[in-house]
Amino acid sequence: MGMAAGRRLTPELREVFQQPVGRDISESELSQIHAKHIIITVGDVVSLTVRKHGIVPLLSVYDGYTERRELTGFADLVRDAGLAETVVSNPAGTITSQLSDAVENALAGRSAGIIRVEGEEDLALLPCVLYAPEGAVVIYGWPGRGMKAVDTDGPSKAYIEKLLESMEELI
């Protein structure tokens with residue numbers, strides 16, 4: 001399933017999207033997961049944590065700011081190491097076609113494995129799971145709950161496709 005048009009969260013869907021997808025994982029599990037799976041990360045803290053463990057994800061999606069609008073450690077790392085990144089705009093509560101295309105291109109190896117989102121990266125989990133290669137694991141941060149991991153196998157992918165289809169199309 002592709003995403004030609006962008007998508008928007010409707011008020012009635014907000015509750016559904018407040019339920020986390022995937023399982024809780026601890027930092028100590030990262031190496032085991034990496035031994036068997038390709039890793040994709042969403043969020044600044046998770047992206048930095050994974051790299052601190054010597055793991056370079058196939059793709060990291062981040063916005064570069066803390067809640068206090070300061071630059072994050074991951075933003076510093078990308079800048080200081082001069083890592084190539086794709087910058088996309090994505091307002092809160094949406095998945096723009098720009099974000100979706102950037103994720104698809106990065107996961108297909110056609111562009112840099114880092115995407116910086118100007119706006120909100122919260123819903124980037126959806127295209128990451130949708131376009132992930134077989135057997136990949138998407139790791140993201142859940143505020144106050146640490147890290148969650150989503151296996152991108154059949155059931156998760158089907159669930160994410162359903163969530164995407166339930167969102168309103170952006171014209």
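The values are calculated or read from the model by the stated rules, or taken from the named source; none is laboratory data. Note that the structure is predicted; figures quoted are calculated from it, not measured. Every residue, glycine as well, gets a Cβ built from its backbone with ideal geometry; the counts of neighbours run over all protein chains shown. The area values use the complete protein model at the heavy-atom level, side chains included, leaving out ligands, DNA and RNA. Shrake-Rupley method; radii C 1.70, N 1.55, O 1.52, S 1.80 Å.
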For the chain, size of Cβ-based charge dipole, Lys and Arg +1, Asp and Glu -1, in debye: 280 debye
As a percent rounded to 5, the proportion of antiparallel DSSP bridges among beta bridges in the stretch 1-133 is 20 percent
What does the charge count near residue 136 come to, summing +1 for each Lys or Arg and -1 for each Asp or Glu among other residues with Cβ under 14 Å from its Cβ? -2
Loop only per DSSP, at most 13 neighbouring Cβ atoms within 10 Å: give me the trypsin sites (Lys or Arg not before Pro) in the stretch 74-171, ordered by residue number. 110, 145
Net +/- balance of residues flanking residue 74 in space, Cβ distance below 14 Å, scoring K and R +1, D and E -1: -3
Positive-end extreme of charge dipole, the chain - chosen from 123, 105, 17 (charges on Cβ): 105
What distance in nm separates the two pseudo spin-label positions at residue 170 and residue 105, each 7 Å out from Cα along the beta-carbon direction? 1.6 nm
Relative contact order for the chain: what percent, with Cα pairs under 8 Å and sequence separation of 6 or more? 32 percent
Cα convex hull of the stretch 81-171: mean projected area in nm², to one decimal? 6.8 nm²
Low-density loop trypsin sites (Lys or Arg not before Pro), the stretch 1-75, at most 14 other Cβ within 10 Å, DSSP non-H/G/I/E/B, are 68, 69
Along Cα→Cβ, 7 Å out, is where each label goes; now give me the distance between the ones at residue 87 and residue 36 in nm to one decimal. 4.0 nm
Testing the spin-label approximation: label points 7 Å from Cα along Cα→Cβ at residue 18 and residue 158. State their distance in nm. 2.8 nm
Could you do me a favour and compute the accessible area per residue for the stretch 1-138, 1.4 Å probe, result in Å²? 49 Å²
Out of every Cα pair in the stretch 25-95, what percent are spaced more than 16 Å from each other? 51 percent
Taking the Cβ of residue 121 as the center, what net charge do the other residues with Cβ under 12 Å away carry, scoring Lys and Arg +1 and Asp and Glu -1? -4
Carbon and sulfur together cover what percent of the accessible area of the chain at a 1.4 Å probe radius? 50 percent
